[in-house]
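Input: a single structure, listed below in structure tokens.
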Amino acid sequence: MNTSKKYRRLLVATCATLAAFGQPIATAATDTADVQLLLTGLRNGGGQVVISLCTAEDKFPSSCRKSQTVKAEAGVVKYLFKGLPAGQYAIAAIHDEDGNQRLTMSAAGWPSEGFAFSNNAISRSGVPDFKAAAFDARGERTVTVQMRYMR
């Protein structure tokens, strides 16, 4: 066998090996998720935004495993959750204008700060359940949520 044929066979064998081992790597990438949150409708840049990302096992929205506080900006706030295990998630956010790390309520019992849930979910009782706010996250996913204000 001449040298040219040996190199071709080696090249074909190398490409086949790379293709075989490359496939599980590509599949594994879909086992994770990057979720880009676009939180729209913030009425001002005062205070901060508290963002919580919940799984079905968490007590939505009060006890989520992942929570992040970012500076508020009038209009749109963006935040990226990177490297999450693929699966079902729900997002809850508040525009914490007074910086107390919780949703402030008026004397009448209505929220005096902004709040939002993924899928723009709402409920007659106030807080939607996980199922109403849940979305599937695999690969790269953008979730746009509208901040709501009662006053």
- prompt: Does THR142 satisfy being under 23 Å from ASP31 (Cβ atoms), of a type in the set (S, T, N, Q) and touching a Cys at 6+ places or on another chain (Cβ under 9 Å)?
  reply: no
- prompt: Right, ALA121: modelled with pLDDT of 95 or more and surrounded by 18 or more Cβ atoms within 10 Å (Cβ to Cβ) or not?
  reply: yes
- prompt: Taking region 111-130, which residues are in contact with a Phe, Trp or Tyr (Cβ under 7 Å, 6 or more places away or on another chain), in a helix (DSSP H, G or I) and closer than 15 Å to GLY41 by Cα?
  reply: SER118, ASN119
- prompt: For region 28-79, what are the residues that are over 20 Å from VAL127 (Cβ atoms) and basic (Lys, Arg)?
  reply: ARG43, LYS71, LYS78
- request: Would you point out which residue out of ALA90, ALA86, ALA107, ALA132 is aliphatic (A, V, I, L, M), over 14 Å from the mean Cα position of the chain (by Cα) and over 20 Å from MET150 (Cα atoms)?
  value: ALA132
query: Within region 86-110, can you find the residues that are assigned to a strand (DSSP E or B) and either charged (D, E, K, R) or in contact with a His (Cβ under 8 Å, 6 or more places away or on another chain) (or both)?
result: ASP96
message: Can you tell me which residue is surrounded by the most Cβ atoms within 10 Å (Cβ to Cβ) among those in region 100-118 that are in contact (Cβ under 8 Å) with a residue 24 or more places away in the chain and of a type in the set (S, T, N, Q)?
response: SER118
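The values are calculated or read from the model by the stated rules, or taken from the named source; none is laboratory data. All values derive from a computational prediction rather than experimental measurement. Cβ coordinates were reconstructed from backbone atoms using ideal geometry, including for glycine residues, and neighbour counts include every protein chain displayed.
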